[in-house]
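Peer 1: The structure follows.
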Amino acid sequence: MNAEELVNSWKAEECIAHIHGWDFSHIHGRYTEESDLPWDYREIVLRYLRPEMRLLDVDTGGGEFLLSLHHPYENTAAAEGYPPNAALCQQTLLPLGIDFRPGDGDKKLPFEDSSFDMILNRHGDFVPSDLYRMLKPGGIFITQQVGAENDRELVKLLCGETKLPFPEQYLDITSPKFREAGFEILEGQECFRPIKFFDVGALVWFARIIEWEFPGFSVDACQNRLLDVQRVLERDGCIAGRIHRFLLAARKP
């Protein structure tokens, strides 16, 4: 394709950059990430989880990961504050008997004190003191988080130098906050791993979805940078960067 055709194809990706829940199936096979984390979040959750436990998933997205656990619905609750995802949860989780309530992880959540044996949070917001409030004694919180330096190479390619959107997202900053709230740390790991895109259109879609990482990005605003990225793709076979992740598991004594 010539430059005009490439730009038009990227604008088409930009126009359809919307998701329900946290569903990246549109670019499945066109990029890779999280294929080689040194831990398995699901396996760690299942290591601690028992059917009789009361479970809450905070910032559940569309409930995709929560449903994959096949936990008894009568012992399952979820919270999500982003309005389109909250509406999706009301349609999909409530009819199953899951206790879904709209709410943001960075605020006090609308659940009672000491009501859960386990709380999960994958890539969402949280307040350690509120998690402590909602957990029963002996209850466990498990989270996998996106770190402060996530996708920085890709952001630089498309947007130039920008500030870190969440500069405190490091394990060694987060862990003390949990200790201060009264938690015992059970596990903590942190890593950087590759992320690769195999066509520029997939990267355009990704950058529009994760707009907080790519401030001011659009095809029109970044057209020359995108053409440079296309040349990198043709030379190297992919556009590569790094993801930043950390895992934390903590117990309320």
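The values are calculated or read from the model by the stated rules, or taken from the named source; none is laboratory data. Keep in mind that this is a model prediction, so the values were computed, not measured. Every residue, glycine among them, receives a Cβ derived from its backbone with ideal geometry; neighbour counts consider all protein chains shown.
Peer 1: Within the stretch 53-91, track down each residue that is charged (D, E, K, R) and free of Cβ contacts under 8 Å to residues at least 24 places away in the same chain.
Peer 2: Result: Glu74, Glu80.
Peer 1: Could you check Phe192 against (1) over 27 Å from Arg47 (Cβ atoms); (2) assigned to a strand (DSSP E or B) and say which number it fails?
Peer 2: (1)
Peer 1: Within the stretch 18-57, count every residue that is of a type in the set (A, V, I, L, M), surrounded by fewer than 16 Cβ atoms within 10 Å (Cβ to Cβ) and either touching a strand residue (DSSP E or B) at 6+ places or on another chain (Cβ under 8 Å) or at pLDDT below 95 (or both).
Peer 2: 1
Peer 1: A further question on this structure: Name the residue that is farthest from Glu74 (Cα to Cα), counting only residues in the stretch 117-126 that are outside any loop (DSSP other than H, G, I, E, B) and not β-branched (Val, Ile, Thr).
Peer 2: Arg122
Peer 1: Right, something else. Restricting to the stretch 186-200, and then to whatever is surrounded by 15 or more Cβ atoms within 10 Å (Cβ to Cβ) and among the hydrophobic types (A, V, I, L, M, F, W, C), can you tell me which residue is nearest to Gly61 (Cα to Cα)?
Peer 2: If we take residues in the stretch 186-200 being surrounded by 15 or more Cβ atoms within 10 Å (Cβ to Cβ) and among the hydrophobic types (A, V, I, L, M, F, W, C), then Ile195 is nearest to Gly61 (Cα to Cα).
Peer 1: Test Phe198 against the criterion of being within 16 Å of the chain's Cα centre (by Cα) and under 30 Å from Arg30 (Cβ atoms), and give yes or no.
Peer 2: Against the criterion (within 16 Å of the chain's Cα centre (by Cα) and under 30 Å from Arg30 (Cβ atoms)), Phe198 does not qualify.
Peer 1: Next question, about the same structure. Please list, ordered by residue number, the helices (runs of 4 or more DSSP H) wholly in the stretch 1-109 having 2 or more residues that are within 28 Å of Arg242 (Cβ to Cβ).
Peer 2: 3-15, 41-48, 64-68
Peer 1: Residues of the stretch 131-153 being in a strand (DSSP E or B) and crowded, with 21+ Cβ neighbours inside 10 Å, which ones?
Peer 2: Hits for the stretch 131-153 are Leu135, Gly139, Ile140, Phe141, Ile142, Thr143, Gln144, Gln145.
Peer 1: Hey, among the residues in the stretch 58-81 that are among the β-branched types (Val, Ile, Thr) and closer than 17 Å to Gly124 by Cα, which one's surrounded by the most Cβ atoms within 10 Å (Cβ to Cβ)?
Peer 2: Filtering first and then ranking leaves Thr60.
Peer 1: So, one more: Select from the stretch 201-229 the residues that are in contact (Cβ under 8 Å) with a residue 40 or more places away in the chain, over 22 Å from the mean Cα position of the chain (by Cα) and in a helix (DSSP H, G or I) and write down the one among them that is surrounded by the most Cβ atoms within 10 Å (Cβ to Cβ).
Peer 2: Leu226
Peer 1: Follow-up question, since we're still on this one. Which residue, of Leu37, Leu6, is farther than 30 Å from Asn224 by Cβ and among the aliphatic types (A, V, I, L, M)? First the steps, then the outcome.
Peer 2: Working: Leu6 fails: farther than 30 Å from Asn224 by Cβ.
The conditions single out Leu37.
Peer 1: Please give the number of the condition Glu5 fails out of (1) surrounded by fewer than 17 Cβ atoms within 10 Å (Cβ to Cβ); (2) modelled with pLDDT under 95; (3) within 24 Å of Asp125 (Cα to Cα).
Peer 2: Of the numbered conditions (1) surrounded by fewer than 17 Cβ atoms within 10 Å (Cβ to Cβ); (2) modelled with pLDDT under 95; (3) within 24 Å of Asp125 (Cα to Cα), the odd one out for Glu5 is (3).
A quick yes/no check of all residues on (1) at pLDDT 95 or above; (2) of a type in the set (Lys, Arg); (3) closer than 30 Å to Val45 by Cα:
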site: Phe206; (1), (2), (3): yes, no, yes
site: Cys222; (1), (2), (3): yes, no, no
site: Arg235; (1), (2), (3): yes, yes, no
site: Pro253; (1), (2), (3): yes, no, yes
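Peer 1: State yes or no: is Ser114 farther than 14 Å from Leu66 by Cα and either touching a Cys at 6+ places or on another chain (Cβ under 7 Å) or assigned to a loop (DSSP other than H, G, I, E, B) (or both)?
Peer 2: Taking the combined requirement at face value, the residue satisfies it.
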